[in-house]
Amino acid sequence: MDRATWAKLVYTTLVPLYPNPTPELHFANPFQLLVATVLSAQCTDERVNLVTPALFERYPGPEALAEAEEGELERLIYSTGFYHAKARALKDLSRTILRDFGGQVPDTMEALTSLRGVGRKTASVILSACYNKPALIVDTHVSRLCLRLGFTGNRDPEKAEQILAELYGHNQWISIGHALNQHGRNICRSRKPDCNHCPLAMHCPKIGL
């Protein structure tokens, strides 16, 4: 099977299984999702969702968060891990949003990745979920599947994003990224992938297992 045919089969098989491409993080506006996504680095979405209600009540927007007392902010986000770095990033990105973007979370990859603590993955989450712009969310799950499915030769997320962008049209980016992420969480796990229940198992090259 050539790569284009395989990519199409992956899409038509997985996307219907995961039809709701929305973040599992809880948010009410782009700023809340930005904060939650920064907190989710090296942390589960479930844990972040336990932390953010009190955090957003105390600091509802960039104005309040930019002026947050660092010790208090760290206490609120402590359980998400790396709380020193995350607190500094949240305060700094809030100041940048106020200074450079009129208090609004920007809606371009270039502007978002200019914010402290915001990489391409976080920016893609914001672009797709808040602004409905084509974006590929490539996290550890997606990178792993790109290797196992034979799309790439390693787990480098930038390479995975580049290959997926070549294999799929802009209108497919959000849905394929979500499907690969969910399949990686539920079936094609890092340890003990459940190949017996994977609909792609018959054709999958299973690279890197």
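Checking (i) 34, 18, 14; (ii) 25, 22, 16; (iii) 37, 21, 13 against the coordinates, the calculated semi-axes √(5λ) of the Cα gyration tensor in Å falls under label (i). Output the 0 to 90 degree angle, nearest 10, between the alpha-carbon long axis of helix 30-39 and the longest principal axis computed from the alpha carbons of the chain. Roughly 80 degrees, rounded to the nearest 10. Against the chain, whose longest principal axis is taken from its Cα atoms, helix 173-186 shows a tilt of about 80°. Fewest-first ordering of 202, 1, 109 by other beta carbons within 10 Å of each residue's beta carbon gives 202, 1, 109. Across the range 79-102, the residues whose backbone nitrogen lies under 14 Å from the label position 7 Å along the beta-carbon direction of residue 114 are 93-102. Against the empirical curve 2.2 N^0.38 Å, the C-alpha radius of gyration of the range 121-209 lands at a ratio of 1.05. About its Cα centre, the dipole of the chain is roughly 780 debye, where the only charges are +1 on Lys and Arg Cβ and -1 on Asp and Glu Cβ. Report the full-extension gain for the segment residue 101 to residue 13: residue separation times 0.36 nm, less the Cα-Cα distance, to one decimal in nm. Net length gain for the segment: 27.6 nm.
Given Cα pairs under 8 Å that are at least 6 residues apart, what percent is the relative contact order of the chain? Don't skip to the answer; put the middle values down first.
Details: 256 pairs, mean separation 43.3, N = 209.
Once normalised by length, the contact order is 21 percent.
Post the alpha-carbon centroid distance, the range 131-209 to the range 42-114, in whole angstrom. Between the Cα centre of the range 131-209 and that of the range 42-114, the gap is 29 Å.
With contributions of -39500 (n - 2.57) from each DSSP H run of at least four residues, the per-residue ellipticity at 222 nm computed over the chain stands at -17000 deg cm²/dmol. Convex hull of alpha carbon positions in the range 30-131: directionally averaged projected area 5.5 nm².
Which of the lysines could a cross-linker bridge to residue 91, judged by Cα under 24 Å and excluding same-chain residues fewer than eight apart? Within the straight-line limit of under 24 Å, residue 91 reaches these lysines: 121.
Assuming R0 = 30 Å, what is the FRET efficiency of residue 26 and residue 170, from their Cβ-Cβ distance, to the nearest 0.05? With a Förster radius of 30 Å, E is 0.60.
The chymotrypsin sites (Phe, Trp or Tyr not before Pro) of the range 119-209 include none that meets both conditions, a loop assignment by DSSP and at most 12 other Cβ atoms within 10 Å of the site Cβ.
Placing a label point 7 Å from the Cα of residue 189 along the Cα-to-Cβ direction, no residue of the range 1-38 has a backbone N closer than 18 Å. Cβ crowding within 10 Å, taken as a proxy for footprinting-reagent exposure, orders 37, 12 from fewest neighbours to most as 12, 37. Contact order for the range 101-209, expressed relative to its length and based on alpha carbon pairs under 8 Å spaced 6+ residues apart, stands at 24 percent.
Where a number appears in this text, it was derived from the coordinates with a stated rule and is not lab data. What you see is a predicted model; the values in this text were computed from it and never measured. Don't worry about glycine lacking a Cβ; one is built from the backbone with ideal geometry, like all the others, and counts go over all protein chains shown.
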